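Notes for the one structure printed next.
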Amino acid sequence: MRVTAYVLVADPNFLSESLRSYYHHVDRIVLSYDKTSVSWTGTAIPVQECLDVIETVDTNNKCVHAPGSYARLDHDPLDNDTHQRQQALDLASEGADWVLQLDTDEVMLDPEQFFRSLHRAESLGASAMDYPSRWLYAQVGPGRFLEASTRFGRPAASFPGPLAIRAGTQLVQARQAEVPLYRVDLRPWNTDPHHNHGSTVHEVISPESAVLHYSWVRDHATIRRKFGWSGHAQDYSQPVVYQRWARRQRRPRQSVLTSPLRRSEWYRLVTVPEGVGK
């Protein structure tokens, strides 16, 4: 089974950790980026800084540069997101059976388990693999993070789209595709509040083998810039989104203690293993 990957080159935060977590398990990595170093919304992004980071990781010359034009300002940012991913996926599909589609702030905690699950998905004839991400909201101390959880503090999975997909698949929105899924979760039932409770779970893994998604773990200036270049920029532009993030970063323990009282957005405090992330 030949596995490749694609990377959307835009954000240096956790980029090195993400690449290193699967680098030795793939044959080739397609580097997709806008040749004018602008985002889907037309804002500047640090492409060269990212490429410099990637150069230090790419000791076996697996990375293939694929610059293009993705700041199509007459299109919705999410459409641009999907368009760029599809072009990167098409390039990564050449000579491959499966393609990884991890974002650069997603870090595999247990690559061996990830690829064992992928082999099971292959053997069962699935076309994509949903693999659980643990969503980190803010860093609150050395190795300590505010993490999305169930209402009463149990680990919860997030599924932004398949993290591995059959070569040649057509995407419908961002990483998502309408194909038969092999679904891995943290319990025998769905743990993602954004998915149907009755979603089929084919395999259960421990939270220690999930992917860590450092989605909102940024300083204030960086998170504001990220809101501006995201495919969800229109939603993130609402002032309440930043205010909510800033409040919970300032008062993480209060966010945890009040979680059982809320109808959604539940959190717990976790320690990340040394050497993972920043």
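Computed from the coordinates by the stated procedures, all read-outs in this text should not be read as laboratory data. Small disclaimer: the values here were computed from a predicted structure and weren't measured. Because the Cβ atoms are built from the backbone with ideal geometry, glycine has one as well, and the counts that use them run over all protein chains shown.
Brief remarks on what is shown
- Restricting attention to the stretch 3-271, close to 50% of DSSP beta bridges with both partner residues there are antiparallel.
- If you wrap the tightest convex hull around every Cα atom of the chain and split its volume per residue, you get 125 Å³.
- Summary of packing: across the peptides 50-63, 24-37, 5-18, the per-residue average of other C-beta atoms within 10 Å ranks them, highest first, as 5-18, 24-37, 50-63.
- Label zone at R251 (point 7 Å along Cα-to-Cβ), backbone N below 11 Å, the stretch 260-274: none
- Modelled FRET efficiency - R0 51 Å, T258 with N61, Cβ distances, 0.05 increments: 0.50
- Over the chain: helical MRE at 222 nm, DSSP H runs n ≥ 4 each giving -39500 (n - 2.57), nearest 500: -8500 deg cm²/dmol
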